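Each value in this text was obtained by applying a stated rule to the coordinates, not by laboratory testing. All values derive from a computational prediction rather than experimental measurement. All Cβ positions, glycine included, derive from the backbone under ideal geometry; neighbour counts span all protein chains shown.
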4 protein chains.
Amino acid sequence: MSQELRIGIVGLGRLGKRHASNLAFRVPGASLVAAASPVEEERRWAERALPGVRIYSGLPDLLADQTVEAVWLVTPTSLHADQTIAVLEAGKHVFCEKPLALEVEDCDRVLDVARRHGGQLAMVGFMRRFDRAYAEAKRRIDAGELGQVFHIACRSEDPIDPDGFFVKFAPTSGGIFLDCCIHDIDLVQWMLDGAKPVGISATGTRIMYPALGECGDVDNGFATVTFESGAVATFHVSRTSHQGYEATMSLSGTKAGIDIGAGLTRVPTLSRSTGGRFLEGQTDFFQRFDEAFLLEANAFVEAVRSGKPSPLSLEDAREATDLACRLRDALKV
Amino acid sequence: MSQELRIGIVGLGRLGKRHASNLAFRVPGASLVAAASPVEEERRWAERALPGVRIYSGLPDLLADQTVEAVWLVTPTSLHADQTIAVLEAGKHVFCEKPLALEVEDCDRVLDVARRHGGQLAMVGFMRRFDRAYAEAKRRIDAGELGQVFHIACRSEDPIDPDGFFVKFAPTSGGIFLDCCIHDIDLVQWMLDGAKPVGISATGTRIMYPALGECGDVDNGFATVTFESGAVATFHVSRTSHQGYEATMSLSGTKAGIDIGAGLTRVPTLSRSTGGRFLEGQTDFFQRFDEAFLLEANAFVEAVRSGKPSPLSLEDAREATDLACRLRDALKV
Amino acid sequence: MSQELRIGIVGLGRLGKRHASNLAFRVPGASLVAAASPVEEERRWAERALPGVRIYSGLPDLLADQTVEAVWLVTPTSLHADQTIAVLEAGKHVFCEKPLALEVEDCDRVLDVARRHGGQLAMVGFMRRFDRAYAEAKRRIDAGELGQVFHIACRSEDPIDPDGFFVKFAPTSGGIFLDCCIHDIDLVQWMLDGAKPVGISATGTRIMYPALGECGDVDNGFATVTFESGAVATFHVSRTSHQGYEATMSLSGTKAGIDIGAGLTRVPTLSRSTGGRFLEGQTDFFQRFDEAFLLEANAFVEAVRSGKPSPLSLEDAREATDLACRLRDALKV
Amino acid sequence: MSQELRIGIVGLGRLGKRHASNLAFRVPGASLVAAASPVEEERRWAERALPGVRIYSGLPDLLADQTVEAVWLVTPTSLHADQTIAVLEAGKHVFCEKPLALEVEDCDRVLDVARRHGGQLAMVGFMRRFDRAYAEAKRRIDAGELGQVFHIACRSEDPIDPDGFFVKFAPTSGGIFLDCCIHDIDLVQWMLDGAKPVGISATGTRIMYPALGECGDVDNGFATVTFESGAVATFHVSRTSHQGYEATMSLSGTKAGIDIGAGLTRVPTLSRSTGGRFLEGQTDFFQRFDEAFLLEANAFVEAVRSGKPSPLSLEDAREATDLACRLRDALKV
Ligand SMILES: NC(=O)c1ccc[n+]([C@@H]2O[C@H](COP(=O)([O-])OP(=O)(O)OC[C@H]3O[C@@H](n4cnc5c(N)ncnc54)[C@H](O)[C@@H]3O)[C@@H](O)[C@H]2O)c1
Ligand SMILES: NC(=O)c1ccc[n+]([C@@H]2O[C@H](COP(=O)([O-])OP(=O)(O)OC[C@H]3O[C@@H](n4cnc5c(N)ncnc54)[C@H](O)[C@@H]3O)[C@@H](O)[C@H]2O)c1
Ligand SMILES: NC(=O)c1ccc[n+]([C@@H]2O[C@H](COP(=O)([O-])OP(=O)(O)OC[C@H]3O[C@@H](n4cnc5c(N)ncnc54)[C@H](O)[C@@H]3O)[C@@H](O)[C@H]2O)c1
Ligand SMILES: NC(=O)c1ccc[n+]([C@@H]2O[C@H](COP(=O)([O-])OP(=O)(O)OC[C@H]3O[C@@H](n4cnc5c(N)ncnc54)[C@H](O)[C@@H]3O)[C@@H](O)[C@H]2O)c1
């Protein structure tokens, strides 16, 4: 086996810590050699949890580290475009968390730079594509087993946040369609092979977090998109689930259909108690997509090492941002 | 117990035969005394299957039968309004299958006449309200157990019709929203206590039955309705289910949610065969709502006999037609 | 249609009231004309609930009623054999609740009498055979779809009885195998076409009702029976279910298998509440087998009227009692 | 972090390859440095798949490798006892696949040696204990949430093996109770905290593999064990599942119950096809317990490095062999 790919991570927040631990211990062929965060507490975490890894306080220092071959960006979305450009211009491969940017123009700026750095890999983190269930659906579509897909119903629900902590991030996260629904948007475009949207409608509620109104966001978003082919996608994205985290998709084709993710529980157990059974819901996307994050990282490492094209291209990420923006703009509540 | 209610039925087609058998044998307090159909074969069926019942060839003759106290209309939808009026003017109670009419104006004509016949009962056949599952959801909402309901997701799917037989009825049935989706429309309005719709969007597909295009109908309809309260209802109504008949509803409130009808099979068995388990789908609405049709008939009979108000008023039926028409009109495919 | 079958019921306890209401209102072709109970309160219930029915205080008076053509016995098990004999000797058809008797000798006494009254129908009430799910399994076995059935796993659970009311009936009910498990015993023998048991073992617990020890009974019974064909049946019968009433059966054949009754809830709804979903269990056998009781009564009435053989013969009932007694005797706890 | 634990694996068959890949790439803190197999093809596999690992043709050579600190035995069951002893006597830590031995006497020989090597860790591979679902059940029992556990129903099914390949291993694998059921046996003893069995019965079938009769084995085993506490465990272990691999356990306590592993599918998708939905079964124990094998290895490595006691002691493994032997001996078919 050739040498391990030397990776530096930037951003050690909620998700960054997970990526860092994966890259350090669970991704064959990867070697986490550097980690950067402007937050001292996060750097102290890295010292303890990531033995032997060099710690920096920001992207510039990490880019200057000549041993780093690839950079993993898990920073706030508003920084993604500029940081991806900086990594590419530093001559390194780049993985960037979703979404690539909150406006199409920013995506296009990245695409321009990337075109001039064709030898470097750039990948965006829509990890659900690597989940076994979504991947199986895609495989079956490509094999023709579903016939022509004419409807995809998507639902992604986050559990209620009792503190409403997320509300203060709403203005910079891009709102529910760009921050959450974008996973399903990307998946739909993937399943439909880049079909062109021709009709769009969206609405929403602010039933539990009225403060979202200040930035035009909602706590439940509903959207319908029709594609040139006649296919219809419906989206329900929510921040107010009682039952826990839930991501489901139901695809219908002319020959068959497939339901993804229904009925999952935190662990495969059911409690029998007075009067019935309780199915404990999933806790969060970490739990549901733990393996997908790993497979995503494997795919990146494998693509760099074998010189294959990006497993999830900037072009695709641009289309997802484009459609998400149009849903955000269609939302008038 | 007082005397049995003497009922005459009009229309002995697919659904009429079921209603007739129920009223003849399975509804305590009811006595089916007359049945009318313009079709000779249907009248012959009645002679065999409904012993002792007087057979007529149309509504006028049946109305002239003085022993008939209540009339059960299971005729084509286009006749509902005029026939309901005729029954009321003949001084008899009336049960009319859904929908009351295909235009609001026709509903209003019926309402006008009904107001002048206040002593007679008039009821429209949205039988799902009497199904134990939907009724339980309504009961729990009324008891405050769900908090404020902010989203209702409705899905009603009919199995693929290999002959496309239904296509030729599309022009007179009113299209998918008035013919099928109207059940969910009525249920949503019931669950939300008659909330006022303020925003509407609709789209659809003609993936398997392109001929529906001739009358502007679709084989899958998708609609989103926002209500004054902020609540959102989403509808998916389909004629192209692979897995069989399916009617589900998922309600979300600020305190809790409830899912109705998910995972039902034709009989409570699972087949284990090579590589997995097969869950046989439901066959049709007869099978799913057999008991609901009975409970609906019980409610009518019980209301007449005890002088209670209509279990499902013409006013409610008018609102359902109104919203269904607006969805039909919003559909531009 | 010929005249309705005139039925008299004896025993208006927990189950008798249900049978009486069914026969009075829900069974086409049946007419409940008489009802008998030694308990005044039950007779008063009959006066209110069964209009037009003649009320007696015991079986002898009811047998003397010349209009009664068939008798429905829903009396304590210890009376079944003698009362069935009395009905047969009075020249009437007889339906007897399960089990036919608590000892094989008593079954044989009934069989002797029945042989001399071949023109009268005698049927025992194993209503589960008429449930759509068990009936479908039997149909599929007979059609060869399962191949050779080699294992049947049976589980029947009653909810915990907080008052332990049932404990005082244990001595006369025959214990858990004769009172409860007998349904599964009958079903296994039916599914296996009367296979001969060759090996038996049984055990049990008294975890919640230690007082059952006084009469040698248990609150959970476990038994394994091997049949001459090599097939194995395993039984778990319980009085201590937390989750509600539950009756399941899982059949395995050389070609396929079938699971019956798994995952049923009281109504087809799921509650979404904090942290997950709740599946409300079934309440009791009335709820689970409501339709089966009706179909059972239909089968009796239909057999009498058409002169067909008994839908569930005394011979079969004798075999069930025989095997149940052997399980009871094998139980040494 | 201290130095990684240097591990040598012996046996690179079906399961050995999996363990080897895990130890090489997926277990933090572990370093696979050596691998041994008498089979040349397996050694060639190791050269390709385990870069940098020293390859030996047998245990003695591997034991002579001074860099090896711990040995992972994935060899035929008949070798387990002697090889475990050899490893201990060579002064190394040892992990041995289940079962420890096919006779209690052999377990005792190992225990004797182990007592004299108290500073070395010895662990047996009942990996299900590390599965999140079984672990959660144990945690809840220990927390008192189930009350007193009075019944555990275990079912472990392997898919039908069309070639009957396994039949020729039956004589040396110890038969169905020692080879397969032993997992559930260990789990029951763990859940019941080492409860003492007082009553035992067992039976079985040879419905698809009559050739098993030659060594007294069966293709479906059924057993019931009662414990001193009054608790009852029932076992069904099968080699003839149509629907795929399946391992379920249902525990009942006086306060609550818990069901483990029901309804799992290969991937979390459902296929909708003509007439219903298909739930694809699990393929094999690799798929179901992939994570458990990893967590098991983690636990071993972590225990060695931190000087903690064995996560799964030889004493426990001896009890499992003891009870499994008693079930094997009780089997008379
Ligand atoms: N794929 C998924 O399902 C998924 C889930 C959650 C988050 N995300 C994405 O991951 C990203 C991070 O989300 P999070 O929840 O971890 O956020 P977070 O706020 O918890 O973490 C952000 C991190 O970025 C660091 N950071 C901030 N400014 C920086 C700068 N100028 N230079 C370098 N580092 C800087 C912070 O110190 C912190 O470590 C977001 O883009 C989000 O959309 C994706
Ligand atoms: N509640 C439900 O779920 C449900 C389901 C199916 C149908 N329906 C409604 O029931 C009605 C009948 O549907 P169907 O499927 O039975 O249709 P159908 O075409 O099978 O039957 C219509 C019946 O009306 C009779 N008829 C026609 N013209 C008549 C006239 N001038 N006078 C008297 N009788 C006349 C026909 O002979 C026939 O018996 C429709 O309004 C439909 O919307 C409701
Ligand atoms: N099929 C089933 O699933 C099922 C379920 C419950 C009960 N059962 C059977 O039904 C029978 C009755 O059970 P139950 O729970 O209703 O019992 P119960 O004690 O509630 O009712 C017994 C009835 O018999 C009457 N009775 C008592 N002595 C009598 C006599 N000498 N003559 C006439 N009537 C007499 C009582 O007044 C009472 O009405 C039992 O044999 C039981 O095994 C069957
Ligand atoms: N934990 C589980 O769920 C589980 C599952 C499968 C197997 N197992 C256990 O794992 C063990 C191996 O099973 P398998 O299915 O991989 O068997 P296998 O026959 O496929 O592999 C056995 C391996 O042992 C090697 N071997 C044979 N003789 C040897 C010797 N004298 N010295 C060194 N190596 C020798 C063989 O070359 C082969 O690599 C068995 O004890 C079995 O019970 C456990």
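Counting other C-beta atoms within 10 Å, and keeping those with at most 16, which DSSP coil trypsin sites (Lys or Arg not before Pro) do you find in region B:215-317?
Passing both the DSSP loop test and the Cβ count: B:Lys255.
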Contour minus Cα-Cα span, A:Asp322 to A:Glu4, at 0.36 nm per residue, comes to 110.9 nm
Kirkwood-based Rg/Rh on the Cα set of chain A evaluates to 0.97
Excluding residues fewer than 8 positions from A:Lys92 in its own chain, the aspartates and glutamates with Cα under 17 Å of it are A:Glu4, A:Asp61, A:Asp65, A:Glu69, A:Asp82, A:Asp112, A:Glu302
Rounded to whole Å, √(5λ) for the Cα gyration tensor eigenvalues of region D:271-312, largest first, gives 40, 7, 6
quick shape note, the protein assembly as shown: Cα extents on principal axes in Å, largest first -> 100, 75, 48
With Cα springs under 10 Å, the Gaussian network model of chain B assigns the largest mean-square fluctuation among B:Met123, B:Met249, B:Met208 to B:Met208
Rg/Rh over Cα atoms for region D:233-333, Kirkwood Rh, comes to 1.06
The simple spin-label model distance between D:Glu40 and C:Val198, using points 7 Å out along Cα→Cβ, in nm, is 5.0 nm
For region D:1-135, the Cα gyration tensor yields equivalent-ellipsoid semi-axes (√(5λ), largest first, whole Å) of 22, 17, 16
Which of C:Val68, C:Val53, C:Val39 fluctuates most in a GNM of chain C (C-alpha springs under 10 Å)? That residue is C:Val39
Cα-only Rg/Rh for region D:243-297 with Kirkwood Rh rounds to 1.09
The rounded separation in angstrom of the Cα centers of region A:32-52 and region B:35-59 is 84 Å
Relative contact order in percent for chain D (Cα pairs under 8 Å, 6+ apart) equals 20 percent
All alpha-carbon distances of region D:65-191, grouped into 5 Å bins from 0, give the whole-percent distribution 2, 9, 16, 18, 16, 15, 13, 8, 3, 0, 0
Checking region C:95-187 for trypsin sites (Lys or Arg not before Pro) in a loop per DSSP with at most 10 other beta-carbon atoms within 10 Å yields C:Arg116
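Taking neighbour Cβ counts within 10 Å as the exposure measure, how do C:Asp112, C:Asp106, B:Asp219 sort from fewest upward?
C:Asp112, C:Asp106, B:Asp219
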Place a point 7 Å from the Cα of C:Glu214 in the direction of its beta carbon; the residues of region C:170-184 whose amide N falls under 17 Å from it are C:170-176
In Å, the C-alpha Rg and Dmax of region B:85-143 are 14.3, 40
Measuring from the longest principal axis of the C-alpha atoms of chain B, the long axis of helix B:14-25 (C-alpha) lies at a number of degrees, nearest 10, equal to 60 degrees
The aspartates and glutamates whose Cα lies under 17 Å from the Cα of A:Lys332, excluding any fewer than 8 residues away in the same chain, are A:Glu214, A:Asp217, A:Asp219, B:Glu228
Helix B:40-49 sits off the longest principal axis of the Cα atoms of chain B, rounded to the nearest 10 on a 0 to 90 degree scale, by 80 degrees
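Ratio of region D:137-280's C-alpha Rg to 2.2 N^0.38 Å, to two decimals? Intermediate results must be reported in sequence, preceding the final value.
Values: Rg = 17.2 Å, N = 144, 2.2 N^0.38 = 14.5 Å.
Region D:137-280 yields a ratio of 1.18.
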In the A-onto-B rotation, chain A's nearest residue to the axis by C-beta, with distance in whole Å, turns out to be A:Ser201, 2
Out of D:Ala35, D:Ala195, D:Ala137, a Gaussian network model of chain D with alpha-carbon springs under 10 Å gives the largest mean-square fluctuation to D:Ala195
Rounded to the nearest 0.05, FRET efficiency between C:Phe25 and B:Asp329 (Cβ-Cβ, R0 60 Å) equals 0.85
Projected onto the charge dipole of chain D (unit charges on the beta-carbon of Lys, Arg, Asp and Glu, signs +1, +1, -1, -1), the Cα from D:Met208, D:Ala122, D:Leu270 with the largest positive-side position is that of D:Leu270
From fewest to most C-beta neighbours within 10 Å, the residues A:Glu145, B:Glu214, C:Glu69 line up as B:Glu214, A:Glu145, C:Glu69
Computed for the protein assembly as shown: size of charge dipole around the Cα centre, +1 on C-beta of each Lys and Arg, -1 on C-beta of each Asp and Glu, debye to nearest 20, value 0 debye
Shape descriptor, region A:180-227: equivalent ellipsoid semi-axes (Cα gyration tensor, sqrt 5λ, whole Å, largest first) stand at 26, 11, 7
